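Notes follow once the structure below has been shown.
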Amino acid sequence: MLDELGAAIANGELVPGAVLRSDELQEHYGASRTVAREVVRVLETMGLTSSRRRVGVTVREPAEWNHYDPRLIRWQLDGANRTPALRTLTELRSAAEPCAARFAALRATPEERGRIRALATHLADTAQERDLDAFLGHDVAFHSLLLSASRNPMFAQLSSVVAEVLAGRTEHGLMPEQPQPEAVAWHVEVAEAVGLADAARAERAMRDIVEQARDEIAVAVSSNLSA
């Protein structure tokens, strides 16, 4: 029930101003009042809806949504708004991750530097093996660790956002069958730069990563549209 309603809002099937009534939701989904209330509560915490007595549950404007919520990102990537969602998410990555890599190079612990290098090695190995599922797991861990190693809690909280973007690229066929050698090399470059506390080098290599990801997504989306 939450996924269906959330996806309908996220992808414009339920437009801002649309009113949902609890009794109608219960009847449509065969849900209890308790379940319907809990679903509405979650939608409200995400900023997607608001409730008023004698009015019902009203869909809010997109500007009021919590666009960092991983569930909202997943619904958008799974639906008709995938292309604009990918664009905005990639722009966010381009703004945040290079800076996070710079600070990780300056602030990561010795243990974190070693783990980042190990993950880069795993990425290279799984890319060579064309194991996209394993590659995705290492890629998510790599980017999440860099964000947290920046010691900036606001960057760290972007981990779930980046994870959803990376997963969405793989699940929706927007990744090449074998990760590009340049992208893998740049991950290794970031790891080496972090290990050497070379902030400028880490930032530059991470910028190369997110810019290539942006270009790959654009090509894949264009190919899908023309197919």
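The values are calculated or read from the model by the stated rules, or taken from the named source; none is laboratory data. Predicted, not measured: the structure shown is a model, and the values here were computed from it. Here the Cβ positions follow ideal geometry from the backbone for every residue, glycine too, while neighbour counts run over all protein chains shown. Note: accessible area is taken over every heavy atom of the protein model, side chains too, but ligands, DNA and RNA are not part of it. Shrake-Rupley method; radii C 1.70, N 1.55, O 1.52, S 1.80 Å.
Things to note:
- The set of residues in the range 23-65 being acidic (D, E) and more than 29 Å from the chain's Cα centre (by Cα) consists of D23, E24, E27.
- Enumerated helices (runs of 4 or more DSSP H) restricted to the range 141-209, each holding at least 3 residues that are open to solvent by 10 Å² or more (accessible area, probe 1.4 Å), among the charged types (D, E, K, R) and over 28 Å from A80 (Cα atoms): 181-195
- Qualifying residue in the range 121-141 (condition: hydroxyl-bearing (S, T, Y) and within 13 Å of the chain's Cα centre (by Cα)): no
- Check on T121, of a type in the set (S, T, N, Q), modelled with pLDDT of 95 or more and part of a helix (DSSP H, G or I): yes
- Hits in the range 43-56 - residues which are at negative phi and either open to solvent by less than 10 Å² (accessible area, probe 1.4 Å) or at pLDDT 95 or above (or both): L43, E44, T45, M46, L48, T49, S50
For (1) hydrophobic (A, V, I, L, M, F, W, C); (2) farther than 24 Å from D69 by Cβ, each residue gets a yes or a no:
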| residue | (1), (2) |
| --- | --- |
| L146 | yes, no |
| F155 | yes, no |
| V165 | yes, no |
| R169 | no, no |
| E211 | no, yes |
| E216 | no, yes |
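- Residue identified as surrounded by 15 or more Cβ atoms within 10 Å (Cβ to Cβ), among the aliphatic types (A, V, I, L, M) and within 20 Å of S160 (Cβ to Cβ) among L72, L5: L72
- Taking the listed residues R102, R37, the one that is of a type in the set (K, R) and either at pLDDT below 95 or in contact with a strand residue (DSSP E or B) (Cβ under 6 Å, 6 or more places away or on another chain) (or both) is R37, with no other qualifying.
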